[in-house]
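Here the structure is laid out as structure tokens; the discussion comes afterwards.
What follows draws every value from the coordinates through simple rules; no lab data is involved. The model shown is predicted, which means the values in this text are computed figures rather than measured ones. Glycine also receives a Cβ, built like all others from the backbone with ideal geometry; neighbour counts cover every protein chain displayed.
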Amino acid sequence: MIFAVVFFILLFFILGAVVGSFSNVLIYRMPRGESINFPASHCQSCKTPLKPYHNIPIFAWLFLRGKCAFCGEKISFQYTLVELASGLLCVLAYCIETYGLEPLTDSFYAAIFKAAMLGVCFILLLALSLIDFRYKAVPDPLLFASVAFSLLYGFNPPDSFDSDGLLFAFDSFINAAIFMFAFWLLRAVVSLTLKREAMGSADIFIAGVMGAILGVKLGLMAIYVSALLTLPAYVIVRKRGYELPFVPFLSLATLIVYAFKEQFIYILGLIYG
């Protein structure tokens, strides 16, 4: 049993690091309108194509001591941080989704699938957050992908095909639609009141991700947490004329509420009795 647990933890960390390595390509190229396929990975300074072993997540940066193997130019540590964070996000998803389950059972493998979908979704949220933080805009394909993976995570194979069974199966779809519509309506009302665009359209899609992953009650808690996270940052930057991106705060709040959902469920129990 211990061997199986260790194996899957390592597997999910490697999976996350590999996906995180690819997300570095998305983070760098997509905002610039560059192809994610061509040219192949290369040094941004000397343009020399990288060898396959130069792309090994985390370890390549360590082996190369943070410098290009060809021209010696420093390689940003951000790439390694993203790969490391991505691996840890996948491990987090695995640990929570499989908690209390007997390894190598049907329910365990079902949880493995959910953890993989959720881990990729979290990595996409990380990529979106970094892009939004730097460019104040995010690529639509990444938004669509994050919603798709959150829906795959939330989908439950129906036990029956009556109304109750289908409602259970597509619960995440309904929750995502509710949150997206609520954010769209909020954006329309606030924009009309202020006579300027109050929220980015990306926030609507991230709200859908929150609804699909967390459900309605925990999703509302995540919105509250995101507001608490945003407030001090807004106070700091408002006098500098800096436009505060909201995607990073929504994404971080989603992660926090998911990681501590048992505690938040307890809080909700105290609130609603």
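For this structure, a couple of remarks:
- Think of each Lys and Arg Cβ as +1 and each Asp and Glu Cβ as -1; about the Cα centre, that makes the dipole of region 156-272 roughly 840 debye.
- Here the Karplus relation 6.51 cos²θ - 1.76 cosθ + 1.60, evaluated at θ = phi - 60°, turns the backbone of region 44-57 into coupling constants of 5, 8, 9, 6, 6, x, 7, 6, x, 6, 6, 9, 5, x Hz, with x for every Gly and Pro.
- Highest mobility in the GNM of the chain, judged by mean-square fluctuation with C-alpha springs under 10 Å and restricted to Val209, Val189, Val257, is found for Val189.
- In this structure, the pairs whose alpha-carbon distance is over 30 Å, taken from Lys47/Lys136; Lys74/Lys114; Lys47/Lys239, are Lys74/Lys114; Lys47/Lys239.
- Projected area, mean over directions - region 156-272, Cα convex hull, nm²: 9.1
- Cross-link reach list, aspartates and glutamates versus Lys217, counting only Cα pairs under 14 Å and skipping chain neighbours closer than eight places: Asp171, Glu262
- In terms of packing, defined here as the mean over residues of other Cβ atoms within 10 angstrom, the peptides 221-233, 7-19 line up highest first as 7-19, 221-233.
- Put a plus charge on the Cβ of each Lys and Arg, a minus charge on the Cβ of each Asp and Glu, and nothing anywhere else: the dipole of the chain about its Cα centre is then about 1480 debye.
- Each peptide in 95-105, 116-126 was scored by the mean count of other Cβ atoms within 10 Å over its residues; highest first, the order is 116-126, 95-105.
- Residue order, fewest to most surrounding Cβ atoms within 10 angstrom, among Lys51, Lys114, Lys239: Lys239, Lys51, Lys114
- For His42, distant residues with modelled amide H under 5 Å away: Leu50
- Neighbourhood charge, 15 Å Cβ-Cβ cut-off, centred on Pro57 and excluding it, Lys, Arg +1 and Asp, Glu -1: 0
- Residues with amide H under 5 Å from that of Lys67, placed H, sequence gap 5 or more: Ile75
- Annotation: average projected area of the chain is 18.4 square nanometres, based on the convex hull of Cα atoms across all directions.
- Separation of region 234-265 and region 1-66, taken as the distance between their Cα centroids, equals 27 angstrom.
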